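S.K.: The structure's right below; bear with me while I get my questions together.
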Amino acid sequence: MNSLTPELIAKYVEEAVPFVHRTGIRSISLEPRRVKMMVPLAGNENHIGSMYAGALFTLAEMPGGAVFLTTFDASVFYPVVKEMNIRYLKPARSDVTIEIAIAADEAERIEKEAREKGKAEFILEGELIDRDGQVVARSHGVYQIRLIGR
């Protein structure tokens, strides 16, 4: 289990990567094995006034790192994104949120496998939801944690 505070995790997730920082992505909730994040429409509009696809993609990808930090010990493991897919369903004309979670038994499996084999893969799927509760996109990410030093 990670000993980082939610405030430190939020600061890292929101500011460590300059591109992410420029999008204005914010952590709404950071709990063990569960995160919720948001990207504002303001500053991320495309040529037709809806959310730029790259901002939605970034919002879909970032919770993988955040949930890693709330779930696993960053002094023992590090995360890698192996694959990320997004299906855009409709234009987002407001701020958008995503919530990602890992079940307790899945987190245990991932950590055990990573300790034994040096790495472990897992899948995170999410729905990107606008202010009206409409699903504007769905994401499917393949992530991996790796044992530091291996």
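S.K.: With angles folded into 0 to 90 degrees, how steeply does helix 53-71 sit against the dominant principal axis of the chain? Use alpha carbons for both and round to 10.
M.R.: Between the helix axis and the principal axis of the chain, the angle is about 30 degrees.
S.K.: Quick one: if the Förster radius is 22 Å, what FRET efficiency do Glu15 and Arg131 give, using the C-beta to C-beta distance and rounding to 0.05?
M.R.: 0.35
S.K.: Which whole-number value in Å² is the accessible area per residue of the chain, probe 1.4 Å?
M.R.: With all protein chains present, the chain gives 53 Å² per residue.
S.K.: Given a 1.4 angstrom probe, I'd like the percentage of the accessible area of the chain that is carbon and sulfur, rounded to a whole number.
M.R.: After summing per-atom areas, the C and S share lands at 52 percent.
S.K.: If all Cα-Cα distances of the chain are sorted into 5 Å bins from 0 onward, what percent lands in each bin, rounded to whole numbers?
M.R.: 2, 10, 20, 22, 20, 13, 8, 4, 2, 0
S.K.: Then there is this: How many angstrom separate the Cα center of region 76-107 from the Cα center of region 44-63?
M.R.: Comparing the Cα centres of region 76-107 and region 44-63, I get a distance of 14 Å.
S.K.: Any idea what angle helix 6-15 forms with the longest principal axis of the chain, computed on alpha-carbon atoms, 0 to 90 degrees, nearest 10?
M.R.: With rounding to tens, the tilt is 60 degrees.
The values are calculated or read from the model by the stated rules, or taken from the named source; none is laboratory data. Just so it is clear, the model here is predicted, and its values are computed rather than measured. Backbone-built Cβ (ideal geometry, glycine too); neighbour counts: all protein chains shown. Just the protein is used for accessible areas: all its heavy atoms, side chains included, with ligands, DNA and RNA removed. Shrake-Rupley method; radii C 1.70, N 1.55, O 1.52, S 1.80 Å.
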